[in-house]
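Peer 1: I'd like to ask some things about the structure below.
The values are calculated or read from the model by the stated rules, or taken from the named source; none is laboratory data. All of these numbers come straight from a predicted model, not from anything done at the bench. Cβ placement follows ideal geometry from the backbone for every residue including glycine, while neighbour counts extend to all protein chains displayed. When the accessible area is computed, the model is the full protein with side chains, heavy atoms only, and any ligands, DNA or RNA have been set aside. Shrake-Rupley method; radii C 1.70, N 1.55, O 1.52, S 1.80 Å.
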Amino acid sequence: MTTFEGSAPVVVGVENTDAARLAVLWAADEAVRRGLPLRLVNALDWPVGVDSDPNVTGPLQTWGGVFRDAGRRALDAAGALVVSRHPGLGISESLVDGEPAEVMREQARDAAMVVLGSRRLSSVRELMTTGGIAVPVVAHARCPVVIVREPEHATGDPLTIVVGVDGSRVSERAVAYAFDEASLRGAAVLAVQVRPFSASPVVGAVGNVEELEEGRARLAETLAGWNEKYPDVRVHREVVFGHPVSTLAQVSEHALCVVVGTRGLGGFKGMLLGSVSHGLLHHARCPVVVVPRERDDDHDQG
């Protein structure tokens, strides 16, 4: 058992979309790997109790029942999909009244992790539509949140999990998740420190040499001890000059997933939500795992 395991379930949002079905399968696989139960959740974004309130009649009550029936059908279909793949997995289903982001934030309170499917929308559309629940859930959840917008790439040699490292305590949490996941999956870890170019982007410029050495030092410091804890996990280290979002998206193009940290609840910097984490939700070509800070890391915000 690790800090990411226990009796808490893997929670996954359920909709009648291809993106949501991809997330359900990813969540089911992860629950099996970690020996955890799976909770399927459909958020019914409709006035609470409309279909059962005797004071509400006519079309409104009819439509309330239609929405509730559609939610139950989505849950039943997701449950059947999971059973066909993992017959012995413990599954529970919840149809919850409420706006999807609020429902999933509440579900995250007792979850080992939350998994969300996400259709490929522009950043503006993601923020301006009710379908864009990834950002608010990631920003407030106290457990890892996985956004499955693209399939994982399970044909690499070796299988690889990419983790962004900026030297903060928050990125240490992301590193912990990456090693844990890699050990479970027989994969390697690619730890990436992304550094901005100095005044001159010319390779070998004095400023860039200093940045390169500082990046290597931060990687070594953050990764110290993890090889001993997980001797079965091969580790590759890269210091790359460029923009963190585009760089991590590129290096994780053939990865099982890319893992980054977030402080959540405001105060973002470095490889954190609002910059890199937010950007990867839109640009990564594999599942994105966002690992939050611990509660006692509040002083580390900035």
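Peer 1: Restricting to region 276-301, and then to whatever is part of a loop (DSSP other than H, G, I, E, B) and open to solvent by 50 Å² or more (accessible area, probe 1.4 Å), can you tell me which residue is modelled with the highest pLDDT?
Peer 2: Arg285
Peer 1: Being part of a helix (DSSP H, G or I) and under 22 Å from Pro292 (Cβ atoms) is the filter here; which residues of region 61-116 pass it?
Peer 2: Selection gives Pro100, Ala101, Glu102, Val103, Met104, Arg105, Glu106, Gln107, Ala108, Arg109, Asp110.
Peer 1: Can you pull out the residues in region 210-261 that are part of a helix (DSSP H, G or I) and of a type in the set (Gly, Ala, Ser)?
Peer 2: Those that are part of a helix (DSSP H, G or I) and of a type in the set (Gly, Ala, Ser): Gly215, Ala217, Ala220, Ser246, Ala249.
Peer 1: If you don't mind, another one. Output the number of residues of region 5-45 satisfying the condition of being more than 16 Å from Leu75 (Cα to Cα), in contact with a strand residue (DSSP E or B) (Cβ under 7 Å, 6 or more places away or on another chain) and at pLDDT below 95.
Peer 2: Summing the residues that are more than 16 Å from Leu75 (Cα to Cα), in contact with a strand residue (DSSP E or B) (Cβ under 7 Å, 6 or more places away or on another chain) and at pLDDT below 95 in region 5-45 gives 0.
Peer 1: Let me ask something else about it. Does Asp76 satisfy the condition of being modelled with pLDDT under 95 and open to solvent by 20 Å² or more (accessible area, probe 1.4 Å)?
Peer 2: Against the criterion (modelled with pLDDT under 95 and open to solvent by 20 Å² or more (accessible area, probe 1.4 Å)), Asp76 does not qualify.
Peer 1: Any idea which residue in region 153-172 is modelled with the lowest pLDDT, counting only those that are of a type in the set (Ser, Thr, Tyr) and not in a helix (DSSP H, G or I)?
Peer 2: By that ranking, first place goes to Ser168.
Peer 1: While we're here: Which of (1) more than 13 Å from Pro196 (Cα to Cα); (2) in contact (Cβ under 8 Å) with a residue 12 or more places away in the chain; (3) open to solvent by 80 Å² or more (accessible area, probe 1.4 Å) is the odd one out, the single condition Val235 does not satisfy?
Peer 2: (3)
Peer 1: Could you run through region 46-73 and say how many residues are under 18 Å from Met104 (Cα atoms), among the aliphatic types (A, V, I, L, M) and modelled with pLDDT of 80 or more?
Peer 2: Matching residues across region 46-73 total 0.
Peer 1: Regarding region 125-133, can at least one residue be identified that is more than 22 Å from Val24 (Cβ to Cβ) and modelled with pLDDT of 90 or more?
Peer 2: Checking region 125-133: not a single residue is more than 22 Å from Val24 (Cβ to Cβ) and modelled with pLDDT of 90 or more.
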